[in-house]
1. Once label points are set 7 Å from the Cα along Cα→Cβ at both residue 164 and residue 223, what is their separation, rounded to one decimal in nm?
2. Sort out for me the Cα centre separation of segment 186-235 from segment 96-137, rounded to whole Å.
3. Taking Cα pairs under 8 Å and at least six residues apart, what relative contact order does the chain come out at, in percent?
4. If you count the DSSP beta bridges with both ends in segment 5-234, what percent of them are antiparallel, to the nearest 5?
5. Please give the contour-minus-distance gain from residue 76 to residue 184: 0.36 nm per residue of separation, less the Cα-Cα distance, rounded to one decimal in nm.
6. Would you please state the base-10 log of I(q)/I(0) at q = 0.08, 0.09, 0.10, 0.14 1/Å for segment 5-234, with intensities from the Debye formula using one equal scatterer on every alpha carbon?
7. So if I take the alpha carbon set of segment 118-168, get Rg, then get Rh from the Kirkwood formula, what is the Rg over Rh ratio?
8. Just to be sure I understand the model, the point goes 7 Å from the Cα along the line to the Cβ. What's the resulting residue 34 to residue 115 distance in nm?
Ligand SMILES: C[S@@+](CC[C@H](N)C(=O)[O-])C[C@H]1O[C@@H](n2cnc3c(N)ncnc32)[C@H](O)[C@@H]1O
Ligand SMILES: O=C(O)C(=O)C[C@]1(C(=O)O)C=C[C@@H](O)C=C1
């Protein structure tokens, strides 16, 4: 279904509710530059770290697109677990897994409270930015603690620049991308307002610093387009 969520006046903050969940795949494809490419990089590095008995978690798995793609390429017996606290998203995810015969476990859980088992891969694409800054570092620490040594945390985020002119230009560049994807100025401005104080992006450097503070020995960007980046943190 096509994303028309912000074509009408919106009075509430952005939420992962039924209306958003129903159009989410289209929303991501048209709102995240090179979404499929960043997903492919995530799939590549995840598969490299999975073996028989491995556990992989996707935090904020939404409609389970990533885990479904991985399940189709998996050559070993690993457990793929998608965590999300939006029942509407989980409903979409379950329907897709069933239709595509994908072996993915889905759990309604708060990623901040979840009791993680020792994992080989943890992914969180475009989800950390929705976690309150006050507890974001605590979550990344929990993620690092849950990974085996030398294993990976792959995450993608919208990023900001602390150079104010560059930051303004990055946002303009991104809005041009959204216009090319068929979103109107009105939809773009409405979504911008709805995301205010809900999506709180860090800079590339802040994300890397956070990962290192939380116990990762190495963290770098493996893909970036203007204000969107994919990071790999190695324990
Ligand atoms: C932007 S979406 C993630 C997109 C998805 N990873 C992808 O690449 O297609 C963020 C997701 O995180 C979920 N989420 C946000 N906060 C959460 C929390 N505290 N616990 C669990 N899920 C959460 C939302 O319900 C939403 O489905
Ligand atoms: O549309 C925007 O302005 C975005 O920031 C895109 C973005 C994201 O980065 O997570 C915001 C909310 C939706 O979850 C999908 C994509």
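1. About 3.4 nm separates the two model spin labels.
2. 16 Å
3. Numbers: 396 pairs, mean separation 51.5, N = 235.
The value is 22 percent.
4. Given both bridge residues lie in segment 5-234, the antiparallel proportion sits at roughly 40 percent.
5. Residue separation times 0.36 nm, minus the Cα-Cα distance, leaves 34.4 nm.
6. -0.28, -0.36, -0.44, -0.90
7. Using only Cα positions, Rg/Rh for segment 118-168 is 1.09.
8. Inter-label distance under the simple model: 4.1 nm.
Throughout, read-outs are computed from the coordinates displayed, never taken from laboratory work. Note that the structure is predicted; figures quoted are calculated from it, not measured. Reconstructed Cβ throughout: ideal geometry from the backbone, glycine too, with neighbour counts over all protein chains shown.
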